[in-house]
Amino acid sequence: MKFLSINIICRSKINKRVYISVKIFILLFKKIIIKSISILALLFFAKSLFAFSYTLDDYAKKPFGNVLFIRHTLAPGFGDPQNFILDDCSTQRNLNGEGRKQAFRIGEKIKKAGIKFTKIYSSQWCRCLETAKYMNLGKIDTEQGLNSFFQGIVAKDKTISILQKRLKSIETNHQFVLMITHQVTINAITGINVPSGGAVAFKTNSGESREVRILD
């Protein structure tokens with residue numbers, strides 16, 4: 001009986017130690033999680049602050065890279081209709097009135113900043129060509145490598161390969177180029193997502209990129 005009592009007491013002490021150890025572990029784990037979340041939030045905030053601190057005026061004074069990607073301006077909707085035909089704008093998702101105004105404002109801001117490009121390329125999609133048209137910055141050349149592969153209308157690998165060849169050519173010829181394209185294309189090259197009318201400066205020699213704020 002005495003042995004049983006001692007055994008129970010020992011087990012009780014062990015269980016208490018285990019309980020305390022588990023509780024300490026949980027508290028430490030919670031602290032680590034909270035600290036990790038705080039660090040991630042800080043990094044995200046710093047990245048956002050860094051990106052939005054680089055304005056078009058900053059870019060004009062000290063250009064970053066040799067390519068400026070601009071996503072087409074506002075075109076309400078998602079993707080393109082199933083009856084999409086490349087040469088028929090009526091079968092595509094197009095700019096609305098606000099999108100045309102945005103494109104015009106972007107063009108005016110670029111002109112006012114004194115930025116001049118040696119070449120201007122656009123996706124063959126109508127919303128990109130119309131964005132380039134309303135920006136009114138010069139002659140526009142279409143580029144297959146800037147087309148949208150979002151819905152598989154064109155093959156992603158082939159499209160990116162074409163674009164990479166164009167980017168290599170831009171580096172070789174020391175050009176300063178504007179490219180009007182789609183979110184998926186910009187993200188595939190730079191890793192950055194931008195809203196309609198958003199811009200990303202890109203270095204062809206290193207692959208570095210930086211978001212540029214144009215529209216307020």
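The values are calculated or read from the model by the stated rules, or taken from the named source; none is laboratory data. Just so you know, these numbers come straight off a predicted model, no measurement behind them. All Cβ positions, glycine included, derive from the backbone under ideal geometry; neighbour counts span all protein chains shown.
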| remark: If we keep only residues of region 131-168 that are among the polar types (S, T, N, Q) and in contact with a Ser or Thr (Cβ under 9 Å, 6 or more places away or on another chain), then the residue nearest to residue 114 (Cα to Cα) is 131
| task | Report yes if residue 82 is outside any strand (DSSP E or B) and modelled with pLDDT under 95, otherwise no. | result | yes
| request: Name the residue, out of 115, 106, that is under 19 Å from the mean Cα position of the chain (by Cα), farther than 20 Å from residue 187 by Cα and modelled with pLDDT of 95 or more. | output: 106
| said: Against the condition free of Cβ contacts under 8 Å to residues at least 60 places away in the same chain, part of a helix (DSSP H, G or I) and among the charged types (D, E, K, R), how does residue 139 come out, does it pass? | reply: no
| message | Tell me yes or no: at least one residue of region 48-57 is farther than 24 Å from residue 175 by Cα, at pLDDT below 95 and part of a loop (DSSP other than H, G, I, E, B). | response | yes
| message | Against the conditions (1) at pLDDT below 95; (2) assigned by TED's automatic domain parsing to the domain that holds residue 178, where does residue 89 fall short? Just the number, please. | response | (1)
| said: When you check residue 129 against the structure, is it surrounded by fewer than 23 Cβ atoms within 10 Å (Cβ to Cβ) and assigned to a loop (DSSP other than H, G, I, E, B), yes or no? | reply: no
